[in-house]
1. At a temperature of 4 °C and a viscosity of 1.567 mPa s, determine how fast region 122-221 diffuses translationally according to Stokes-Einstein, using the Kirkwood radius over alpha-carbon pairs as Rh; express D in µm²/s, rounded to the nearest whole number.
2. Relative to the first principal axis of the alpha-carbon coordinates of the chain, what is the inclination of helix 79-88, with its axis defined by its Cα atoms, in degrees from 0 to 90 and to the nearest 10?
3. May I ask for the distance between the Cα centers of region 176-242 and region 100-139, given as a whole number of Å?
4. If the reach is capped at under 15 angstrom between alpha carbons, list the aspartates and glutamates near residue 188, excluding any in the same chain fewer than eight residues apart.
5. Compute the angle between helix 300-317 and the longest alpha-carbon principal axis of the chain, please, reported from 0 to 90 degrees and rounded to the nearest 10.
6. Only bridges whose two residues both fall in region 122-221 count here: according to DSSP, what percent of them are antiparallel, nearest 5?
7. When the chain is fully extended, how far beyond the present Cα-Cα distance does residue 84 get from residue 60, taking 0.36 nm per residue of separation?
8. Per DSSP H run of n ≥ 4, the term is -39500 (n - 2.57); total these for the chain, divide by its residue number, and report the mean residue ellipticity at 222 nm rounded to 500 deg cm²/dmol.
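Only the coordinates and a few stated rules stand behind these numbers; no lab work does. As the structure is a prediction and not an experimental result, all values here were calculated from the model. A quick note on method: Cβ atoms are made from the backbone with ideal geometry, for glycine too, and the neighbour counts reach across all protein chains shown.
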Amino acid sequence: MHGDSHVAYPKPPPNVRLMKLFALVLTLVTGMAVADAPHPVRVAVLQFGTVNWELDVINHHALDKKYGVDVQVLLLGSKNAVSVALHGGAADIIVTDWIWVSRMRQQNKPFVFFPYSMTVGALYVRPDSGIESLASLEGNTLGIAGGPVDKSWLLLRAYAKKRLGLDLKTSVEPTFAAPPLLNQLMLKGDLPAVLNFWNYGARLEAADMRPLIGVNDLIRGLGIDGQVPLLGWVYNERWADAHQSAVTGFLRASYAAKQLLRDSDAEWERLRPLTKAEDDDTLRALRDGYRAGIPGRFGGAERQAAAQVFEILAREGGAELVGKSTKLSNGTFWTKMTPQMLLP
């Protein structure tokens, strides 16, 4: 009889619709988490460069996360290693000059430049050197940071030719050396004058060495209006187009750090160990030099000024500096944002 027999019914199948709904929710949540995750931006810089100060401020105050990026710093030992990292894809962004960017664009390598700093170097003299003007530099030894095609040296030569009819290439004895060595030689009294980068110049000023003329003064003296930033953030234009939120986030973080360094003396006290400032005067000189170089604007007039500077450098430095072109390459400057959009 069927009434006493035991019938084994199969277990009810799982609720397929519920499982699908759960999977959809999990996918959406995971997708949101990925979308909200900061975009990594790899920045290659010199191990002991001043760019590290700004990057430290970004990291300390989590400014990168605020603007949706994760700045990953790659410290390297030479300018060549930094550019190789960008070329080889190990880095997304570096700091270099727009002369290099223009030269790369000639070679169909689409790098672009966004202003990082207006601060450049200057010519410094010992107070006991007897050098009171550029004309009285004649017959003296001049220490020069970098090599024969250093941009500050080329601009100084162009200025002396135009304003004084003086060929510094033959009227002074140029001595090319690394910036810290030049400072040491000058402070010991072995060099009466040096042309050095701004951060080393700040240390010279703190030690009572006298600035004779700055590179920005040279540019103005050559009849060029507008400040020209020689250093900038440099990246591949194709990468920037594919990762626009990463680029804009990084630049916003950079300029937020600049604003903090512009407005806060306490931030410079925090950075004191990183700057290696030997005393308060040196820290103050480094702080003031950095602040003076924060780009306030960069537009058509500044790009035109850069093109004029390029022509002078091409004439003075030749192919060794600028390559085959005598004109600034089209597209050298990234114009989708401007400093005035980023800095109140």
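1. Numbers: Rh = 13.1 Å.
The estimated diffusion coefficient comes to 99 µm²/s.
2. The angle comes out near 30 degrees.
3. Spelled out, the Cα-based centre of one part sits 6 Å from the other.
4. Within the straight-line cut-off, residue 188 pairs with 128, 205, 208.
5. Around 60 degrees separate the two axes.
6. Numbers: 8 of 16 bridges.
DSSP beta bridges in region 122-221 are roughly 50 percent antiparallel.
7. 5.9 nm
8. Details: 17 runs with 174 residues, N = 344.
One gets -15000 deg cm²/dmol as the mean residue ellipticity at 222 nm.
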